[in-house]
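Presented below is the structure to which this report refers.
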Amino acid sequence: MQGQITVVSEQGLFINLGSTAALVTGQSIKLLGQAESIMEPETEKVLAAFRPTLATLLVSQVMNGDLSKVTLNSPESSVSIERGMVLECERLPRTVVLIPPQWESGEPLYHLLGSHPATTGRRPATGNVGPIPDFRPIHAPKTS
C-alpha cells in the first residue's frame, strides 16, 4: 500500500495513512525516492520502474483513519524529507472473528438452520447449538 508525506514540521512527520489502512504503532514504512526506469539497452523500451528505499520510518501514533505520525527509524542518516514523498507499507494480517447471531432458547431455529420440519418432514440437525425447542410452523403470507 502506498501513501505520502503530508506534513513536515517542528511537530513531526505526518503521513496520509492511518487506521483505515490498518496501520499500527511501531509498524515500519519505507520512504521511497524518485522513480527510476529499467530500460532495454537496444530499443530503449521501458521494461519496469522502481523507487529506491531512502529510509525507514516508524509509526509513532495513529491519529485517525487517514493520518499517522511517524519518526525516522535511523536518525543518523541524512535524508531530506519533503511533503509529497511516496511511502510504501505492507498491510499486516488481520484476524476476523465471526460471532454467531444472538439466539434465545424460545425461538425456532428454522431461519438459522435452513430446514423447516413442515417442508422436510424431519427435525433439523442440532449441531453444536444444543437441543432445539418446540417447532411451531411458520406460515409465509400467500402471494397472488
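Each value in this text was obtained by applying a stated rule to the coordinates, not by laboratory testing. Note that the structure is predicted; figures quoted are calculated from it, not measured. Because the Cβ atoms are built from the backbone with ideal geometry, glycine has one as well, and the counts that use them run over all protein chains shown.
Note that the range 1-94, at 25 °C in a medium of 0.890 mPa s, gets a Stokes-Einstein diffusion coefficient of 174 µm²/s from its Kirkwood radius over C-alpha pairs.
The Cβ shell under 14 Å around Gly26 holds other residues with a net charge of 0, Lys and Arg each +1, Asp and Glu each -1. For the range 1-76, which trypsin sites (Lys or Arg not before Pro) are both in a DSSP coil and crowded by at most 16 other Cβ atoms within 10 Å? Sites meeting the loop and neighbour criteria: Lys45. Summing charges over neighbours of Gln4, with a neighbour being any other residue whose Cβ is under 13 Å away from its Cβ, gives 0 when K and R count +1 and D and E count -1.
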